[in-house]
Structure formats: structure tokens, C-alpha cells
Amino acid sequence: MKWLKKDEDKKEQFIFGDYITEYAIIMVFLAFVSPIVGIFIVKLLKLGNVFADLGVYGDFLGGSTLPFLTIVTIAFVYNTFKLQKEQLKTQKEEMRMTRETLEEQNKTARMQRFENSFFKHLEEIRSDKETNFGNQLTELSLSMGDLLYSSLMLYKKAMTAYQDEDKSHFAIPNQSEYQYFFGNYESHADASLNDSGFYDKRVYSFALKINRVFDIIYQYRNSMEKSEVEFYLGYLFAEIDFSTWSLVLLQNCIMPQRTQIINELKLDNWIHPSFDAGLSELDIHFISYVVHGDPFYSYEQ
């Protein structure tokens, strides 16, 4: 019979639940055979007065059949329980797979919305970057990149002038005086940005478009892997030059509500390796203090 054969899949393991039907057939068979055996003993073998022993025989009949029928009932109850358990397990797995599919679909939809917004704004940045503007100082036609590079140089010149006025003021003090020192530094940086022309309507409008791209990446960051966030930041970085990134990052640090975005996206990591060509070392210390609370924050961490 089935349970006597070698089961290749189960490696000869005995599993009671797999043979319930066979056992049930045997129990039912025994239930029918049991009273016949009783009749044979009482009537044919003349081992007792049938009428005198009728009550006893009734007890014998019930006692001989009920155990087998009870075993059959228990076996089918067990089988029903097992089937229900397997069905529940299957339903849970299907629900899990459905949930994962929905989550994947939601992520795909969110990424599609993100990319639509990202590349739309990037196209605006690209368009503005290639537009030429008349420069009031030189009377030359300059691109947005030229204007921002000029702003960066003027910013550094203005900050240098502040340092020349009071050199001791720009020597980083001990930790207990960080807040006072960098509070004053922030004021000078803001004033220097104003002197540089960064807050000129055309230039600042361009910077705000870059900020909007930062905001979009920040909003959708939880739908992306870390490498994907870095990829899109790198894509943006490739569209603008170091002077633009430097000034926008610095201006973000002057706005307290922007600190979390800088920290979450690690925007300062993109400027630190090239600070010699962009911001000064003191500017980097200022950014590190604002973002990490430590002006000597190690970017290799």
C-alpha cells in the first residue's frame, strides 16, 4: 500500500497526516467487522443465551465499534485542522506577496513622479545656465556660470576684507566660544554674499531652482537606495559647476531650516574635497559646525 512504499520526496519519513484516508478506511472496515464477529461468537458458537445476554451483547457491540469510529472521527478532525492550517499559511504567503507587489508598484509610481519632477527642474537649470546676461560692471555678456563664478570670487574678496579688519575675530576659538564665533561668521558670510551679487534677482532665482531640486531629492529619499540618492545628486552636480554648488551650499547653511536637508543628503560631502578651488577653509569649518556641530568634522568618517 501507499504508506509501505518508499517516498522519494520525504526520504522515508513517516508522516501520519499523509495517510489519514487509508487509516480511516481500515477503521470503518473494523467497525463493520466487529459486530459480525460478535454475532458469530454469540449465535454460531452458542457461547451464551442470546436474549439473556442481549444487554451485554449491546454493550459489547457499542464497545467494539465506538473506539474505531472515534479514531476515524479524530483522524478526520486532525486532517481538517491540518488542511485549514495549510490554507491559512498559503493565504498569508499570498497576502505577503500581494503586499510586496503593491509596495513595489507604489515605489515605481513614486520614482516615476520623482524623475518627472527632477528632470523637469534640471531642464530649467540647464536652460538658465546657458542663457547669457549683460553684466553691469563689465558691460559684457556673461553666462549664469560666469556670473556665479564672479559672485564666488567677490564673496571670497569680501570675506578677506572682513578678516583684514579683525584677524583675531577669524581665529577659531575653543569649544566654549563656538556659538558666538560662528554666529558672527554667519553674519559676515551673509553680508559677503550680498556684496558678491549672489542675491541679485537673476542669480538668486537660479540658486532657488537648485534648492528645489535638493528638496525633491529629499522628499523622495526614502523611496531610493543610498546609491540612487548619490546618483541623482551626482547628476545635478554634473550640470552645475563648483562655484554654484559652493555658494548654494553656503547660503543653505545660513538658513537654519535648510540644515536638515544638508545633513540628510550629505550635501557638504560634495564640496569638501574641492574647497581649495571654491570656498575657503574657514567656510568649510563654518559649514561643518552648522551641519555637524563640529567645525573639525572628519569627512572620512
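The values are calculated or read from the model by the stated rules, or taken from the named source; none is laboratory data. Everything numeric here is computed off the predicted structure, so don't read it as measured data. Cβ placement follows ideal geometry from the backbone for every residue including glycine, while neighbour counts extend to all protein chains displayed.
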*asked:* Of the residues Phe214, Phe198, only one is under 22 Å from Ala158 (Cα atoms) and either crowded, with 17+ Cβ neighbours inside 10 Å or in contact (Cβ under 8 Å) with a residue 40 or more places away in the chain (or both); which?
replied: Phe198
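Within the range 217-232, can one find any residue that is part of a helix (DSSP H, G or I) and under 21 Å from Leu152 (Cβ atoms)?
Quick first cut of the range 217-232, residues part of a helix (DSSP H, G or I) only: 217-219, 221-223, 226-232.
Narrowing further to those that are under 21 Å from Leu152 (Cβ atoms): none.
Checked against the condition, which is being part of a helix (DSSP H, G or I) and under 21 Å from Leu152 (Cβ atoms), the range 217-232 yields no hits at all.
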*Only residues in the range 222-238 that are assigned by TED's automatic domain parsing to the domain that holds Asp268 count as the first member; pair them with residues that are among the basic types (Lys, Arg), Cβ under 8 angstrom, at least 6 apart or cross-chain, and list the lot.*
Ser223/Lys107; Ser223/Arg110; Val229/Arg221
